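Colleague: Got a structure for you, questions after.
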Amino acid sequence: MNATASLARSITWASSKQSYLTARLLADRDLADDCLRAYAYFRWADDIIDLAELSDAQRQAFILRQQGLIERLYRGERPSDLSPQEAMLADQVAHDRGTAGGLRSFIRNFMAVIAFDAVRRGRAVSRHELDVYTSCLATAVMDGLLYFIGNGRPTPHTPERTLAVVGAHMTHMLRDLHEDLPNGIINVPTEDLDSGAPDLSDPDSEASRRWTRRQVARARACFRQGRRYIDSLDLLRLKLAGAWYCARFEHLL
């Protein structure tokens, strides 16, 4: 347990100071290490998928191993051949309080996000695929936030629950749109590409600018509605974590 906590702290600190400080300062004290393990495990998995030298078959084999590992861990099994990073996942599953399925939902939805990233390279994707991708990420982030901060407190399940994360993901895809293109990742639905907006070869064209303005307006609307949900929560630590998360991406917009 101490080894995976130490590894999780080092990975998270190196990758995201905000995530590290959120876990150490705002997560429930007895869940802080598991919060770090959760971030660090998926940071590691995402980095593996992003390795340029991996073949599509190797990416798929990696995803299948991780998905199988999740199922085995939730059946109470702990394989003997775990990597140090996979041990971080095993330790947090072993601690799962299981009262409302928050951690399980976080893990499974985040793994769905990683799995989509593993197969999308080099092809355009539909609006439905991107919407499902965003929905899985938004559900994972909010379920994780509500599991690690104020665990066990009742929280409303309203349509606004995940909208702040939807806005954040839209912002993230806008920020990385042209940077991701050489890696075969297209963060624009085929329906928009077919209509000629945006023009991926010319981000300064009027068509690209109009499309970007629409996306920014949608993201801002998501943040406005998502903040209302965050403001409705009755735990200050949750409100602080949510506000800090939103502020980071609203600044990018």
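Colleague: Set Lys and Arg Cβ to +1 and Asp and Glu Cβ to -1, take the dipole of the chain about its Cα centre, and tell me which of Ala243, Ser55, Met142 lies farthest positive.
Modeller: Result: Ala243.
Colleague: Using a 1.4 Å probe and ignoring any ligands, DNA or RNA, find the accessible area of Arg65 and quote it in Å² to the nearest 10.
Modeller: 100 Å²
Colleague: State the percentage of accessible surface on the chain attributable to carbon and sulfur atoms; use a 1.4 Å probe and exclude ligands, DNA and RNA.
Modeller: 53 percent
Colleague: Keeping every protein chain present and rolling a 1.4 Å probe, give me the accessible area per residue for the chain in Å².
Modeller: 49 Å²
Colleague: In addition: How much FRET efficiency would the formula 1/(1 + (r/R0)^6) give for Val119 and Asp234, where r is the Cβ-Cβ distance and R0 is 45 Å, rounded to 0.05?
Modeller: Efficiency for this residue pair is about 0.65.
Colleague: With θ set to phi - 60° and the Karplus curve 6.51 cos²θ - 1.76 cosθ + 1.60, what are the ³J(HN,Hα) couplings of the stretch 152-161 in order, to the nearest whole Hz, using x for Gly and Pro?
Modeller: With coefficients 6.51, -1.76 and 1.60, one gets x, 6, x, 10, x, 9, 10, x, 7, 4 Hz.
Colleague: Let me ask you something else. About its Cα centre, what dipole magnitude does the chain give when the only charges are +1 on Lys and Arg Cβ and -1 on Asp and Glu Cβ, stated in debye to the nearest 20?
Modeller: Dipole about the Cα centre, nearest 20: 880 debye.
Colleague: Also: What relative contact order, as a whole-number percentage, does the stretch 155-253 give when Cα pairs under 8 Å and 6 or more residues apart are counted?
Modeller: Once divided by the residue count of the stretch 155-253, the mean separation gives 41 percent.
Colleague: Report the charge-dipole magnitude of the stretch 4-151 in Debye, nearest 20, computed about the Cα centre from +1 at each Lys and Arg Cβ and -1 at each Asp and Glu Cβ.
Modeller: Magnitude of the dipole: close to 120 debye.
Colleague: Let me ask something additional. Under a point-charge model restricted to the Cβ atoms of Lys and Arg (+1) and Asp and Glu (-1), what is the dipole moment magnitude of the stretch 107-253 relative to its Cα centre, in debye to the nearest 20?
Modeller: Taking the Cα centre of the stretch 107-253 as origin, the dipole is about 620 debye.
Colleague: So what's the back-of-envelope 222 nm ellipticity for the chain, counting only DSSP H runs of four-plus at -39500 (n - 2.57) apiece and dividing by all residues, rounded to 500?
Modeller: Calculated mean residue ellipticity at 222 nm is -23500 deg cm²/dmol.
Colleague: Can you give the relative contact order of the chain as a percent, counting alpha carbon pairs under 8 Å and 6+ residues apart?
Modeller: Answer for the chain is 19 percent.
The values are calculated or read from the model by the stated rules, or taken from the named source; none is laboratory data. All of these numbers come straight from a predicted model, not from anything done at the bench. Every residue, glycine among them, receives a Cβ derived from its backbone with ideal geometry; neighbour counts consider all protein chains shown. The area values use the complete protein model at the heavy-atom level, side chains included, leaving out ligands, DNA and RNA. Shrake-Rupley method; radii C 1.70, N 1.55, O 1.52, S 1.80 Å.
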